[in-house]
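Contents: one structure, followed by commentary.
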Amino acid sequence: MKFFIDTANLDQIREAGELGVLDGVTTNPSLMAKEGITGKNNILKHYVDICNIVDGDVSAEVIGTTFDQMVREGEELADLHDQIVVKVPMIRDGVKALRYFTEKGIRTNCTLVFSPGQALLAAKAGATYVSPFIGRLDDVSSDGLNLISEIREIYDNYDFETEILAASIRHTMHIIECAKLGADVMTGPLSSIEGLLKHPLTDIGLEKFLADYRKGNP
Ligand code: G3P
């Protein structure tokens, strides 16, 4: 399972990278705004900064909603760096843009996916990644994890190569459950990744090992 971090915060990306388990980064317009990154040139520069920190895929989202706008923006984003994956929303023109980028050899991440049908369309259009938003489904009393399971079944039935990128991960158990269901990738906040580390018995056990060592080696 690949681990992506879902942030545009450079310190957090560095921290996750230093842990040695980071495979990439996903961003979106809200995450860029949260870091105060505004204006086209600053945004493009920030994507390059992220690429220079992490050795892996970096999703950069288009803002346009028509085919022409998405193609223009996506080509500009893809030209920025080899690691850029163009993030395209699951809308009618987005599906057309996914197909266009696939034919051009530009890698894509289809975002804002909330149903198995949308995921099937993304795979048919050749998306590199599909991003089902599990946390946002949970927020509206739908079962986000069940969507991962449905997409896994559909993709396995037809050997689709599109990777399932479980997005809108809110906590550590989301990661565990997505791993059990066979999601190819998860993207979440640093806290969700760090949560995997924690177990009270590890802390208690280490404390005892060190105390016993100190007794024999005063
Ligand atoms: O990057 C897309 C997705 O991960 C957003 O997550 O927490 O805003 O629902 P969230």
Out of all the residues in the stretch 63-84, is one or more part of a loop (DSSP other than H, G, I, E, B), in contact with a strand residue (DSSP E or B) (Cβ under 9 Å, 6 or more places away or on another chain) and of a type in the set (A, V, I, L, M, F, W, C)? no
Counting only residues that are within 11 Å of Lys87 (Cβ to Cβ) and among the aliphatic types (A, V, I, L, M), which one in the stretch 100-129 is nearest to the ligand (Cβ to nearest atom)? Leu112
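Okay, residues lined up against (1) more than 16 Å from the ligand (Cβ to nearest atom); (2) touching a residue at least 60 places away in the same chain (Cβ under 8 Å); (3) part of a helix (DSSP H, G or I):
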site	(1), (2), (3)
His174	no, no, yes
Glu177	no, no, yes
Lys180	yes, no, yes
Met186	no, yes, no
Leu196	yes, no, yes
Leu201	yes, no, yes
Glu207	yes, no, yes
Leu210	yes, no, yes
Whichever residue in the stretch 170-218 is out of contact with any Phe, Trp or Tyr (no Cβ under 9 Å at 6 or more places or on another chain) and among the polar types (S, T, N, Q) and, among such residues, is farthest from Gly135 (Cα to Cα): Asn217
For the stretch 1-22, give me each residue that is among the hydrophobic types (A, V, I, L, M, F, W, C) and part of a helix (DSSP H, G or I). Leu10, Ile13, Ala16, Leu19
Ala127 passes all but one of (1) part of a loop (DSSP other than H, G, I, E, B); (2) under 21 Å from Thr172 (Cβ atoms); which number fails? (2)
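Quick one: is Leu137 modelled with pLDDT of 95 or more, in a strand (DSSP E or B) and within 11 Å of the ligand (Cβ to nearest atom)? Steps first, please.
Numbers: modelled with pLDDT of 95 or more: yes; in a strand (DSSP E or B): no; within 11 Å of the ligand (Cβ to nearest atom): yes.
Against the criterion (modelled with pLDDT of 95 or more, in a strand (DSSP E or B) and within 11 Å of the ligand (Cβ to nearest atom)), Leu137 does not qualify.
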Quick check on my filter: what residues within the stretch 154-169 are in contact with a Phe, Trp or Tyr (Cβ under 9 Å, 6 or more places away or on another chain) and away from the ligand (no atom under 16 Å from the Cβ)? Ile154, Glu161, Thr162
Residue that is surrounded by the most Cβ atoms within 10 Å (Cβ to Cβ) [pool: residues in the stretch 82-99 that are within 16 Å of the ligand (Cβ to nearest atom) and under 16 Å from Thr65 (Cα atoms)]: Val88
Where Ala60 falls short, out of the listed (1) over 26 Å from Cys178 (Cα atoms); (2) hydrophobic (A, V, I, L, M, F, W, C); (3) not in a loop (DSSP other than H, G, I, E, B): (1)
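Let's see how each residue does on (1) closer than 19 Å to Val88 by Cα; (2) surrounded by 19 or more Cβ atoms within 10 Å (Cβ to Cβ); (3) among the charged types (D, E, K, R):
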residue: Ala123; (1), (2), (3): yes, yes, no
residue: Tyr129; (1), (2), (3): yes, yes, no
residue: Val140; (1), (2), (3): no, no, no
residue: Leu147; (1), (2), (3): no, yes, no
residue: Arg152; (1), (2), (3): no, no, yes
residue: Asn157; (1), (2), (3): no, no, no
residue: Glu161; (1), (2), (3): yes, no, yes
residue: Ile164; (1), (2), (3): yes, yes, no
Identify, please: which residue in the stretch 23-50 is of a type outside the set (Gly, Ala, Ser), more than 11 Å from the ligand (Cβ to nearest atom) and assigned to a loop (DSSP other than H, G, I, E, B) and is, among those, farthest from the chain's Cα centre (by Cα)? Thr38
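The values are calculated or read from the model by the stated rules, or taken from the named source; none is laboratory data. This is a predicted model, so every value here is computed, not measured. Every residue, glycine as well, gets a Cβ built from its backbone with ideal geometry; the counts of neighbours run over all protein chains shown.
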